[in-house]
Amino acid sequence: TQSTRPQRILSAVQKNATRGDPRSVIRAIDQFCSQKEWAMNVGNEKGCILDSVVSEVNPATVLELGTYCGYSTVRIASLLPPYAKFITLEFNPDFAAVARQVIAWAGLEDKVQLVEGASSDWIPKIKEQFGIKTFDLVFLDHWKEHYLSDTKLMEECGLLRKGSVLLADNVICPGAPDYVEYVRSSPRYKSHYFRSHLEYTKAEDGLEKSVFLE
Ligand SMILES: COCc1ccccc1-c1cc(O)c2[nH]cnc(=O)c2c1
Ligand SMILES: [Mg+2]
């Protein structure tokens, strides 16, 4: 039977990366996706912007919406302080199964909790299920149609506090126009656009960083 693209990414990690070395896992995925087969990892150019925001926030609590193969999960987890709590939500069970193995290959399985299911189902349960009050950082990288509804849901569930940082991938390509309009026009957010490129291509894309103000 044919392998899937996520399975081919996992094979490239297991072949080319060193167990317990997150940077070698990131490098192996970026090399595979730039030389062999494009895939929707945040990539190295936007990944460096992600790294700088994670380092600046130095979050004790992180939520990632959209794990895919765990590329950004590994980037984020490798930068967190030891006490941090990091939850990543993935709807697709095949993606989740690969991501668990990529995260384990990087040696970061103790730093992150991968939860399978729909973000809209899980967001209202996070406080009780995981003992988290609010998130210092949220990385939105799942279905663009759900960026805005999930952000409003996080507000309603009291998961954001003054200073919480939302970082959204793909604000240009594929784009999340309703979300961008909301965070840029709402008095409750201070937003900034980091111009970059769609992973492994020359097309424009970027990350939108939005700080929750109240
Ligand atoms: C399945 O579309 C793949 C694709 C095709 C063309 C342009 C962009 C994308 C793309 C790029 C990304 O970083 C993404 N990140 C998260 N969830 C996505 O659906 C996603 C899609
Ligand atoms: Mg993305």
Helix-only [θ]222 nm of the chain, DSSP H runs n ≥ 4, -39500 (n - 2.57) each, per residue, nearest 500
-12000 deg cm²/dmol
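As a quick test, which of the pairs Lys127/Lys209; Lys46/Lys152; Lys46/Lys144; Lys46/Lys125; Lys85/Lys162; Lys125/Lys152 have an alpha carbon distance above 21 angstrom in this structure?
Lys127/Lys209; Lys46/Lys152; Lys46/Lys125
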Just want to confirm a number: the relative contact order over the stretch 1-131, from Cα pairs under 8 angstrom separated by 6+ residues, in percent.
27
Using the basic label-point model (7 angstrom from Cα toward the beta carbon), what is the Arg184 to Glu37 distance in nanometres?
3.6
Percentage, to the nearest whole number, of Cα pairs in the stretch 163-203 over 16 Å apart
38
Name the aspartates and glutamates eligible as straight-distance cross-link partners of Lys15: C-alpha to C-alpha under 18 Å, and not fewer than 8 places from it in the same chain.
Asp30, Glu37
Using only the alpha carbons, work out the radius of gyration and Dmax of the stretch 27-67 in angstrom.
12.4, 36
If all Cα-Cα distances of the stretch 32-152 are sorted into 5 Å bins from 0 onward, what percent lands in each bin, rounded to whole numbers?
2, 11, 22, 25, 23, 12, 3, 1, 0
Which Rg and Dmax, in Å, describe the Cα atoms of the stretch 121-177?
11.7, 35
Would you report the distance distribution of C-alpha pairs in the stretch 113-214 as whole percents per 5 angstrom bin, up to the bin with the largest distance?
2, 13, 23, 24, 18, 12, 6, 1, 0
D_trans [Stokes-Einstein, Kirkwood Rh over alpha-carbon pairs] for the chain, 25 °C, 0.890 mPa s, µm² s⁻¹:
143
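FYI, it's all coordinate maths here, none of it is from the lab. The structure displayed is predicted, hence computed values, not measured ones. Here the Cβ is made from the backbone with ideal geometry for all residues, glycine too, and neighbour counts use every protein chain on show.
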